[in-house]
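In what follows, a structure is listed as structure tokens, so that the remarks can point back to it.
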Amino acid sequence: MNTYQKLLKRFDGNKSRVAKALGISQPAVTQWKGVIPRSQADRVDELTGGEISIAEIVRDHRRARQVRDK
């Protein structure tokens, strides 16, 4: 399970609740396309008490880039 999936699971799959918790719009969360943006990494880390860490989010970015570049 990647960090995006973990975050959605924490909010029962509700993108609107994720958005509200982060202080952003629901369409912004939808645009993430399965990868939490690095610009939200600090907020997500803080919101989840480190359960979803900045390092994990960065790893997901690397994995997504590797898949995209294949």
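Each reported figure results from applying straightforward, stated rules to the coordinates on display, with no laboratory input. Treat the numbers as computed from the prediction; the structure is a model and nothing was measured. In this analysis, Cβ positions are derived from the backbone assuming ideal geometry, glycine residues included, and neighbour counts consider all displayed protein chains.
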Exercise. Report, by chain and number, residues whose modeled amide H sits under 5 Å from the one on GLU51, excluding near sequence neighbours (fewer than 5 apart, same chain).
Key: none
Quiz item: So how do THR3, THR48, THR30 line up by other beta-carbon neighbours within 10 Å, fewest first?
Solution: THR30, THR48, THR3
Quiz item: Considering the chain as a Gaussian network with a 10 Å cut-off on Cα pairs, which listed residue, ASP42, ASP60, ASP12, attains the greatest mean-square fluctuation?
Solution: ASP12
Self-check item: Point-charge dipole on Cβ atoms (K/R +1, D/E -1) for the chain, about Cα centre, debye to 20
Solution: 320 debye
Exercise. As a check on your grasp of the helix formula, calculate [θ] at 222 nm for the chain: sum -39500 (n - 2.57) over DSSP H runs of n ≥ 4, divide by the residue count, round to the nearest 500.
Key: -17500 deg cm²/dmol
Quiz item: Taking the structure as given and computing Rg/Rh (Cα atoms, Kirkwood Rh), which label from (i) 1.01; (ii) 1.20; (iii) 0.95 fits?
Solution: (iii)
Exercise. Rank GLY23, MET1, PHE11 by how far each Cα sits towards the positive end of the charge dipole of the chain (+1 on Lys, Arg Cβ; -1 on Asp, Glu Cβ) and give me just the farthest.
Key: MET1
